[in-house]
Amino acid sequence: MDVAAYIWPAYTGDEPRTRIFWPEGIGEWQTVKNAAPKGDYSWNRKPLWGYQNEADPYVMQMQIQAALDHGVNVFIYDWYWYDDRPFLENCLNDGFLKAENCGDMQFYIMWANHDANTTWDRRNAGRADSTIWQGAVGRTQFEKIGRRWISQYFTRPNYYRIDGKPVVSIYELQNFITGLGGLSEAKAAIAWLQAEARAAGLPGVHLQHVRWSSHAENLSGVDGARFRADARVLEDLGFESLTHYQFVHFTDIDREYTDILADVQKEWEDLDAQFHIPYFPHISIGWDNNPRFLDFRPGIVRNNTPENFKAALRLARAYAERHGRGLVTLNSWNEWTETSYLQPDDRYGYGYLEAVREVFGAKK
């Protein structure tokens with residue numbers, strides 16, 4: 001069974017535009033490093049590996065091996081396109097893809113096509129009317145994006161495929177549809193992408209939908225917007241699977257982790273009833289995005305210990321085996337400022353990674 005962890009590619013200063021948000025030149029490690037107490041509340045976690053530049057291939061060589069040793073064999077890279085060019089590609093292009101052992105780890109892209117706002121900038125987070133770059137793109141931009149995906153990523157031997165098709169996940173469906181001009185225009189753009197992929201010798205592209213819910217609570221500071229597409233829309237557009245990115249997208253997370261898992265299982269049952277396309281089960285480690293804000297933000301997962309996380313992983317494995325699904329997604333490898341990461345810290349050590357290995361086994 002494949003275990004895929006999302007990667008937030010902001011832990012580098014090699015992308016010049018990151019200085020808008022993190023002027024120290026170390027990417028969002030600046031926010032992690034400078035997190036300060038807020039009254040009685042304190043977020044004081046530190047990475048055991050240090051504030052590494054994840055656009056460095058030697059760093060990623062170590063991280064790839066650690067992931068494989070602990071049962072993660074796929075990285076899902078958050079991928080951005082703003083102002084007619086990519087953003088935060090350095091961690092993928094210069095770090096992961098240039099690592100000596102890159103071929104041992106599979107990867108695919110999750111197009112994070114939400115608007116960029118000042119949430120990433122702790123000094124200005126929470127301000128209204130704070131959009132910096134728009135995530136929606138028109139047809140001309142989409143064709144540039146599609147050609148880039150195919151030429152740089154989809155044809156690589158370690159790009160993750162389902163039924164031979166390279167997988168690309170779309171984070172915000174509403175932005176995707178409205179940017180292209182509507183449902184019929186979005187469908188035509190997808191048909192173009194499929195044709196381009198076939199022209200490149202691929203059997204097509206496997207489109208994966210990132211599921212949200214209108215019932216989510218405590219969404220302050222969450223990238224993206226709530227939008228529910230029904231099964232007919234997704235299937236008409238040609239999507240072939242769905243998964244989640246974060247528990248916060250569909251349930252109230254301001255409570256005990258074990259209580260949240262009841263809602264998670266209910267969500268899986270609802271998706272089984274609504275969709276013909278397969279759902280790949282998702283597990284999030286936690287949620288607390290207070291590092292990104294100067295003022296206190298309610299909405300914190302409680303008691304998301306490695307032991308409770310391991311219980312969640314067992315639920316995901318059981319669901320996947322019961323439904324014949326070969327993929328589980330995890331949030332995440334390194335979402336430090338959302339407090340949902342597998343990387344070892346000074347609180348639990350390697351506990352979350354060890355939980356994955358105990359449930360799924362090492363991959364290498």
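All of the numbers you see were taken from the coordinates with simple rules; none came from a lab. The structure presented is a predicted model; accordingly, all values stated were derived computationally and were not measured. We place every Cβ from the backbone using ideal geometry, glycine too, and count neighbours over all the protein chains shown.
Among 305, 262, 355, whose Cα sits farthest toward the positive end of the charge dipole of segment 2-360 (+1 at Cβ of Lys/Arg, -1 at Cβ of Asp/Glu, about the Cα centre)?
Sorting the options by dipole projection puts first 355.
How about segment 1-78: which trypsin sites (Lys or Arg not before Pro) there lie in a loop by DSSP and see at most 14 other Cβ atoms within 10 Å?
Loop-located and lightly packed - none at all.
Take the chain, connect every pair of alpha-carbon atoms lying under 10 Å apart with a spring to form a Gaussian network, then pick out the residue of 109, 277, 76 with the largest mean-square fluctuation.
277
Principal axes first, then extents: for the Cα atoms of segment 305-364, list largest minus smallest coordinate on each axis, whole Å, largest first.
Projected onto the principal axes, the Cα atoms of segment 305-364 cover 36, 24, 20 Å.
With unit charges on the beta carbons (Lys and Arg positive, Asp and Glu negative) and the dipole taken about the Cα centre of the chain, which residue among 63, 315, 343 sits farthest to the positive side?
63
Give 310/364; 46/310; 46/363 a once-over and call out the pairs whose C-alpha atoms are over 30 Å from each other.
From the list (310/364; 46/310; 46/363), the Cα-Cα distance tops 30 Å for no pair.
Are there trypsin sites (Lys or Arg not before Pro) in segment 290-322 that DSSP puts in a loop and that have at most 14 other Cβ atoms within 10 Å, and which ones?
Passing both the DSSP loop test and the Cβ count: no residue.
Cut-off 10 angstrom, C-alpha nodes, Gaussian network model of the chain. Which of 113, 175, 34 fluctuates the most?
Of 113, 175, 34, the Gaussian network model singles out 34 as fluctuating most.
Can you give the longest stretch of the chain with no exposed loop site, where a site means GluC sites (Glu not before Pro) in a DSSP loop (not H, G, I, E or B) with at most 16 other C-beta atoms within 10 Å?
218-364
Name the residue, out of 87, 247, 96, whose mean-square fluctuation peaks in a Gaussian network model built on the chain with Cα pairs under 10 Å.
Maximum fluctuation in the GNM of the chain, among the listed residues, is at 87.
If the label point is 7 Å along Cα→Cβ of residue 184, which residues in segment 103-145 have backbone nitrogen under 19 Å from it?
Flagged as within label range: 138-140.
Among the lysines, select those whose C-alpha is under 19 Å from the C-alpha of residue 144, and discard any that sit fewer than 8 residues away in the same chain.
Of all the lysines, those that pass the test against residue 144 - Cα under 19 Å, at least 8 places apart if same chain - are 187.
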